[in-house]
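One structure below.
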């Protein structure tokens, strides 16, 4: 044992401070999450009294039961899941194909197109939101799932990520596939896609999180209760029961669980994608 400690060397004061700071940071970040869990499973009368609770006095599911009995939570869940799935599927297809073309194909005006796309990323969404609302209303898409999915199925940020990722794919590999008789579509589908799982995971996680938790878009384009997403629906709960903090926190638990589960399932590929999608000249 002493020999192992000798080989490892002495513990430096800086290492101890580093560990303590990390533990403090974890506690600071974890406390709000634990507060939400405690509030979701605690009795509402405790929050009416005020104060901070580190552990529920009585574990109860009454908050969740009240949400499911008084509000169409399952309907809001389905609306959120369906809209998120459509948006994520679109961003896994269209931006990746466009990013591959901008990275590996040669065609006139490629730099101009990419420059225009970069400029479009600098335009705040709030500037075009009203015009988008008017156009969707003219197309009778207001209060439909397409109002919160169709305009967001191909986002420039993910196109940029895909372009940077595909720069790292060896050109010799693609050229060998073309010699074997594959066209551009075949090369992309049979060669590029199988080695792009980290990219797909990164796009899926970022897009899933952003769409699932989106409030401004569905709150602007949807005003029917049965068409609400979960975030917008829970806001109506908060407005109705503004004094029932525990009821709102129970809704936050319902909202957060799918995102956490999705990240856990794809975190390894996400890390790989984040490391391989850096800016390349």
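Every read-out reported here was derived from the displayed coordinates using simple, explicitly stated rules and does not represent laboratory data. None of these values were measured; they are calculated from a predicted model. Glycine gets a Cβ as well: all are built from the backbone with ideal geometry, and neighbour counts include every protein chain shown.
Modelled label positions at residue 209 and residue 253, each set 7 Å beyond Cα in the direction of Cβ, lie 2.3 nm from each other.
P(r) for region 71-276, from all Cα pairs and a bin width of 5 Å, is 1, 7, 13, 15, 16, 15, 12, 9, 6, 3, 2, 1, 0, 0 %, short bins first. Label separation (residue 81 vs residue 173): 3.5 nm, computed from points 7 Å beyond Cα along the C-beta direction.
Between the alpha-carbon centres of region 191-206 and region 88-128 there is a gap of 17 Å. Residues 100, 71 in ascending order of nearby Cβ atoms (within 10 Å, fewest first): 71, 100.
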